[in-house]
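In what follows, a single structure is set out as structure tokens and then discussed.
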Amino acid sequence: MGNAVLSVADVQKNFAGLRALSDIDLQIEEGKTHAIIGPNGAGKSTLLNVCVGRLAPDQGAVVFHGQVITGKKPHEINQLGIARVFQTPEIFPDLTLLQNVMAPAYARRDGPIRLNLLTRLDDDKDVRLEAEHILEDVGLAAKRHDEASALSRGDKRRLELAMCLVQHPKLLLLDEPTAGMSRLDTNRTIDLLKRIKERGMTKVIIEHDMHVVFSLADKVSVLAQGRIIAEGTPDEVRADPKVQEAYLGG
Ligand code: ADP
Ligand code: MG
């Protein structure tokens, strides 16, 4: 199995008669950026949700650093070191950006956070300094005292990424991190992801736009109709006629 951080073994998932995932086997290697691409409805988000414990597979297992995590709750999986950015940003709209980034840092240290603690989030100086540093990193430092609800869609996604980075995850899962972004925001996000890559964090990026990930990915798995139809380097995958066909709706 080599140095796989995450392994997905023989996973299957059905939704009321629809087979969303079939025979999924996947190895995510340490320090690599692994892209999972495929047309809309291919099963990409379902696969991510199975990996983070939001959905239980009908068959198969997910193994993280040698430990079976299938059946664990999402927050338990998060505590083990898997952070994720969902397709729809999940932030605290009424809190400031700084508080939003401090919240997961506390959660990591103290366990799942209780909402009544959120108003006291500014207390810890070390956590605050780190949160400020990370907001700087994602280009949101100037807005750190703004309410999160006031952000543009692109900024909300960058905030959610900051909320993941503050957890120092062993594995970061991103579901369409540039979805709905302007070209400028998309390019900024790609640059940010490249910088994270240089730090050696293991990442899985889900994308339906195959061009977005080709400059980032070490390895690409192509999902179509719930199955992995091709796997390889970006160049190998790009040249694969099966992949072209899947994207052209063949
Ligand atoms: P992708 O992320 O690749 O666009 P999804 O994983 O969201 O695809 O969806 C895969 C398939 O499963 C689609 O046909 C979708 O309609 C279906 N699906 C996803 N989630 C559910 C659900 N909770 N209930 C029923 N069907 C679902
Ligand atoms: Mg999706």
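Derivation of every value follows stated rules applied to the coordinates shown; laboratory data play no part. In this text, all values refer to a predicted model and were calculated from it rather than measured experimentally. No Cβ is skipped: glycine too gets one built from the backbone with ideal geometry, and neighbour counts run over all protein chains shown.
Compute the relative contact order of the chain as a whole-number percentage, counting only Cα pairs closer than 8 Å that sit 6 or more residues apart in sequence.
RCO, the chain: 27 percent.
Give me Phe15, Phe214, Phe64 ranked fewest to most by other Cβ atoms within 10 Å of their Cβ, as a rough exposure proxy. Kindly include the intermediate steps, with their values, before the conclusion.
Working: Phe15 11, Phe214 17, Phe64 21.
Taking fewest neighbouring Cβ atoms as first place, the list is Phe15, Phe214, Phe64.
Work out the P(r) tail for the chain: percent of alpha carbon pairs separated by more than 26 Å, whole number.
On the way: 12211 of 31125 pairs.
Roughly 39 percent, rounded to a whole number.
What nm distance separates the two modelled labels at Lys73 and Thr233, each placed 7 Å from Cα along Cα→Cβ?
Simple spin-label model gives 4.5 nm for this pair.
Rounding to the nearest 20 debye, state how big the charge dipole of the chain is about its Cα centre with +1 on each Lys and Arg Cβ and -1 on each Asp and Glu Cβ.
Values: 32 positive and 35 negative charges, 48 e Å.
Roughly 240 debye, rounded to the nearest 20.
What fraction of the DSSP beta bridges in the chain is antiparallel, stated in percent and rounded to the nearest 5?
Taking every DSSP beta bridge within the chain, about 55 percent pair in antiparallel fashion.
As a footprinting exposure proxy, order Val5, Val204 by other Cβ within 10 Å, with the fewest listed first.
Val5, Val204
Which of the trypsin sites (Lys or Arg not before Pro) found in region 156-199 are loop residues per DSSP with 10 or fewer other Cβ atoms within 10 Å of their Cβ? Display every interim value, and only then the final one.
Details: sites: Lys156, Arg157, Arg158, Lys170, Arg183, Arg188, Lys194, Arg195, Lys197, Arg199; in loops: Lys170, Arg199.
Those satisfying the criteria are Arg199.
List, in the order given, every pair from Lys125/Lys203; Lys44/Lys203; Lys170/Lys219 whose Cα-Cα distance in the structure shown is over 26 Å.
Check vs 26 Å cut-off fails for Lys125/Lys203.
What FRET efficiency comes out for Asp110 versus Leu80 if R0 is 22 angstrom and r is the Cβ-Cβ distance? Round to the nearest 0.05.
According to the calculation, E is roughly 0.85.
Pick out, in residue order, every one of the GluC sites (Glu not before Pro) in region 1-97 that is DSSP loop and has at most 12 other C-beta atoms within 10 Å; say none if there are none.
Glu90
Can you put Glu160, Glu130 in order, fewest other beta carbons within 10 Å first?
Fewest to most other Cβ atoms nearby, the residues stand as Glu130, Glu160.
At q = 0.26 Å⁻¹, what log₁₀ I(q)/I(0) does a Debye calculation on the Cα points of region 132-201 give, no solvent, two decimals?
Ignoring solvent entirely, the Cα scatterers give -1.40.
From the helices alone, meaning DSSP H stretches of at least four residues, give me the mean residue ellipticity at 222 nm for the chain, per-run term -39500 (n - 2.57), in deg cm²/dmol to the nearest 500.
-10000 deg cm²/dmol, from helical runs alone.
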